[in-house]
Amino acid sequence: MIGSTRVAILHSGLIAVLNGRFPVQELIEISDALLATPLTVAAISLAMPDGLDAIAALRARHGEHMLFGASDVGTRKDAAAAVAHGAQFLLLQDAPEAVVRAGHALGILTIPRVTTTDAAQQAARLHCRMAHFYPADAAGPAALATVRRDWPQMAWIAGGGIDAATLAAYHHAGAQVFTTGNRPLPQLDWQMDTLIRNARTLRSALRIGQQSAENR
């Protein structure tokens, strides 16, 4: 399961992180728009009041066509609850060893937040398959290249302030996947056509970044 989830995330290249105060029904409508993009991987923030119920509802709605995880996972209890409600991967708040080990014990892809070489070293020691470089805009592409250099065995996800204009720089620095939150996707007054257009712009930027990296 961990291996297939990792492959699906790498294939998608984008993870839509859904946070804010959206009711579950509205999150279902947002997931409809994401699938129409298509953007097939999403993480639901446990900071939302109905985050766990949203994971279960979205798995029921689009489980055959999309991958759903939990973000803002900070404790072992969070990890267990997210998995019980159908989460297929976990984006951790930081890189706490106890939570990483709990995720591994639950048999789920567990992705710690890593922005320093010390955190990257711990993630590697704990046999993490992926790491989330967040917030990327506070550190910059050069910092990502630095922390990635010594741990190429981990796949790197970058997120936080990245948009279509800056995505290529982080891709060149080693990011293979990108998380995107409420800035390009969706605002509280979101419209389905706008969300689909913004998501497709990101997908186009990702393809351009991938092609540029292949031609280097």
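Among all residue pairs at least 6 apart or on different chains, which show Cβ distances below 7 Å where the first residue, located in region 2-13, is closer than 23 Å to R101 by Cβ and the second is open to solvent by 50 Å² or more (accessible area, probe 1.4 Å)?
Close Cβ pairs satisfying both conditions: I2/R129; R6/R129.
Which of the residues belonging to region 168-183 are within 17 Å of A120 (Cβ to Cβ) and either touching a strand residue (DSSP E or B) at 6+ places or on another chain (Cβ under 7 Å) or assigned to a strand (DSSP E or B) (or both)?
Y170, G174, A175, Q176, V177
The values are calculated or read from the model by the stated rules, or taken from the named source; none is laboratory data. Just so it is clear, the model here is predicted, and its values are computed rather than measured. In this analysis, Cβ positions are derived from the backbone assuming ideal geometry, glycine residues included, and neighbour counts consider all displayed protein chains. Keep in mind that these areas ignore ligands, DNA and RNA; they rest on the heavy atoms of the full protein, side chains included. Shrake-Rupley method; radii C 1.70, N 1.55, O 1.52, S 1.80 Å.
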